[in-house]
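Structure record follows, encoded as structure tokens.
The values are calculated or read from the model by the stated rules, or taken from the named source; none is laboratory data. The structure displayed is predicted, hence computed values, not measured ones. Every residue, glycine among them, receives a Cβ derived from its backbone with ideal geometry; neighbour counts consider all protein chains shown. SASA here: full protein model, heavy atoms, side chains in, ligands and nucleic acids out. Shrake-Rupley method; radii C 1.70, N 1.55, O 1.52, S 1.80 Å.
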Amino acid sequence: MRLRMDLKSQINLEKVPRHIAIIMDGNGRWAKQHGKPRVFGHRNGVKAVRETTEAAAELGIQHLTLYAFSTENWNRPKLEVNALMTLLVETIQAEVNTLNKNDIRLTAIGDIAKLPERSYRALQDGMEKTRNNKRMNLILALNYSAKWEILNAARELAAKVEAGQLKPADIDEKKFINALSTKGIPDPELLIRTSGENRISNFLLWQIAYAELYFTPTLWPDFQKEHLYQAIIDYQHRERRFGKISEQLV
Ligand code: IPE
Ligand code: IPE
Ligand code: MG
């Protein structure tokens, strides 16, 4: 507890990231360590989601994106996929009141229309019931793939060109950004991945062009508030140069 207080007090609240994105990884290995089936890891991963969401909101983070299910994850054993989809429904239904109490809005990115009917409906319901909340935007990446998102944007812009509404020469960063599923959301300044894997796994490829990357060996179910504090402190000690040299930054 003392450690937690100490870490939190090291954070400069005026310079917290506006947007933090997290690749929540390591549930399966955590379960294995505990001699339990993988699903047990996913269930305990929900606790980490709760902790992290609460900590982020308390710090005044405006957007928190959590990678919950990638398009590649459909290739897992059917039993695990079904368990994850059921867990999604149960979690949203169980948490919607807490989200409202804490003024947190639930949104989603990814090809959510292709989720199983029940998961899709629970998600829509959760988003609808929290849509007026203002304190923080909790964005679930579900059936998400960054390549899918970029291709989609290209297709949308190409269709506008074909319809004569847009000239190819007029396609700039702003138009492209507005065709992504993260439209209206600032790019994450900080990307965290747990479980010791040092890769991006098809997550937010466009949006992390200048994000600070933070990799931690902590397995997702073990991730607690102090782990988030530690990542933010690390981020705040970095120099973000955006191509310039140190001396140009004030
Ligand atoms: C992350 O944990 C959760 C999802 C991808 C849904 P994993 O299930 O990938 O756990 P590991 O990587 O196998 O330990
Ligand atoms: C990335 O984790 C996807 C999510 C966290 C939802 P994975 O465990 O699926 O990533 P890889 O396949 O090991 O790269
Ligand atoms: Mg994994």
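Given H placed 1.01 Å from N in the peptide plane, which residues other than close sequence neighbours of T65 have an amide H under 5 Å from its amide H?
HN-HN under 5 Å from T65: I20, A21, I22, I139.
Given Cβ point charges of +1 (Lys, Arg) and -1 (Asp, Glu) and nothing else, what value in debye, to the nearest 20, does the dipole of the chain about its Cα centre take?
Numbers: 37 positive and 30 negative charges, 83 e Å.
Around 400 debye, computed over the chain.
So, with +1 on the Cβ of K and R and -1 on the Cβ of D and E, and no other charges, what is the size of the charge dipole of segment 1-78 about its Cα centre, to the nearest 20 debye?
Values: 14 positive and 7 negative charges, 94 e Å.
Its charge dipole is roughly 460 debye.
Can you return the aspartates and glutamates within cross-link range of K47? Criterion is Cα-Cα under 12 Å, with same-chain partners fewer than 8 residues away left out.
Straight-distance partners of K47: E95, D222.
Between N198 and F176, 0.36 nm times their residue separation minus their Cα-Cα distance comes to what?
Working: separation 22, 0.36 × 22 = 7.92 nm, distance 2.77 nm.
Here the answer is 5.1 nm.
Percentage of Cα-Cα pair distances in the chain greater than 34 Å, rounded to whole percent? Each step should come with its number before you reach the end.
On the way: 5629 of 31125 pairs.
The answer is 18 percent, as a whole percent.
Given the Cα-Cα distance of K129 and H34 and 0.36 nm per residue of separation, how much length would full extension add, in nm? Working shown, then result.
Details: separation 95, 0.36 × 95 = 34.20 nm, distance 3.63 nm.
Extra length from K129 to H34 when fully extended: 30.6 nm.
How much of the accessible area of the chain, in percent, comes from carbon and sulfur atoms when a 1.4 Å probe is used? Display every interim value, and only then the final one.
On the way: 6970 of 13680 Å².
Here carbon and sulfur together make up 51 percent of the probe-accessible area.
Give the Cα extents of segment 50-91 along the principal axes, in whole Å, largest first.
Sorted largest first, the three principal extents are 38, 21, 12 Å.
Ordered by residue, what ³J(HN,Hα) values in Hz, to whole numbers, does segment 223-230 give under the Karplus form 6.51 cos²θ - 1.76 cosθ + 1.60, where θ = phi - 60° and Gly and Pro are x?
Per-residue couplings from phi come out as 6, 10, 3, 5, 5, 5, 4, 4 Hz.
Which is farthest toward the positive dipole end of the chain among V81, T130, S195, measuring Cα position about the Cα centre, with Cβ charges +1 (Lys, Arg) and -1 (Asp, Glu)?
Final value for the positive-end residue is V81.
How high is the FRET efficiency between S9 and A163 when r is their beta carbon distance and R₀ equals 45 Å, given to the nearest 0.05? Walk me through the intermediate numbers first.
Details: r = 56 Å, r/R0 = 1.23.
FRET efficiency, S9 to A163: 0.20.
At a threshold of 8 angstrom on Cα-Cα distance, excluding pairs fewer than six apart, so keeping six or more, what relative contact order does the chain reach in percent?
Working: 374 pairs, mean separation 72.5, N = 250.
The normalised contact order for the chain reaches 29 percent.
Pairs K134/K183; K114/K174; K36/K225: which are spaced more than 19 Å apart, C-alpha to C-alpha?
Numbers: K134/K183 17 Å; K114/K174 28 Å; K36/K225 25 Å.
Flagged as over cut-off: K114/K174; K36/K225.
List the extent of the Cα atoms of segment 157-237 along each of their three principal axes, largest first, rounded to whole Å.
Reported extents, whole Å, longest axis first: 52, 24, 17.
Which residue, N100, A141, Y210, has the largest displacement toward the positive end of the dipole of the chain when charges sit on each Cβ (Lys, Arg +1; Asp, Glu -1)?
N100
List the relative contact order of segment 41-155 as a percent without decimals, with contacts defined as Cα pairs under 8 Å and 6+ residues apart.
Values: 136 pairs, mean separation 44.0, N = 115.
Worked out over segment 41-155, it gives 38 percent.
Using the per-residue mean of other Cβ atoms lying within 10 Å as a proxy for protection, in what order, highest first, do the peptides 224-236, 147-159, 128-140 fall? Spell out each step's value before the answer.
Details: 224-236: 19.5, 147-159: 14.8, 128-140: 17.2.
Listed from highest to lowest mean packing, they are 224-236, 128-140, 147-159.
Using amide H atoms built 1.01 Å from N in the peptide plane, name the residues 5+ places from A108, or on other chains, whose amide H lies under 5 Å from its own.
L140
Please state, to two decimals, what the Cα-based radius of gyration of segment 108-150 comes to when divided by 2.2 N^0.38 Å (N = residues). Before the final figure, lay out the partial values.
Working: Rg = 11.4 Å, N = 43, 2.2 N^0.38 = 9.2 Å.
Relative to the rule-of-thumb radius for its length, segment 108-150 sits at 1.24.
Can you give me the P(r) profile for segment 67-163? Cα pairs, bins 5 angstrom wide beginning at 0, each as a whole percent.
Once binned at 5 Å, the Cα pair distances of segment 67-163 give 3, 12, 21, 20, 16, 13, 9, 4, 2, 0.
Mind listing the phi-derived Karplus ³J(HN,Hα) values for segment 160-165, rounded to whole Hz, using 6.51, -1.76 and 1.60 with θ = phi - 60°, and x for any glycine or proline?
5, 5, 4, 7, x, 8
Residues of segment 140-154 with backbone nitrogen within less than 16 Å of a virtual label 7 Å along the Cα-to-Cβ line of K114, please, listed as ranges.
Zone members listed by number: 141-154.
Which of the aspartates and glutamates could be linked to K101 by a straight reach, that is with a Cα gap under 14 Å, when you skip same-chain ones fewer than 8 residues away?
Once the sequence-local aspartates and glutamates are set aside, what remains near K101 is E54, E58.
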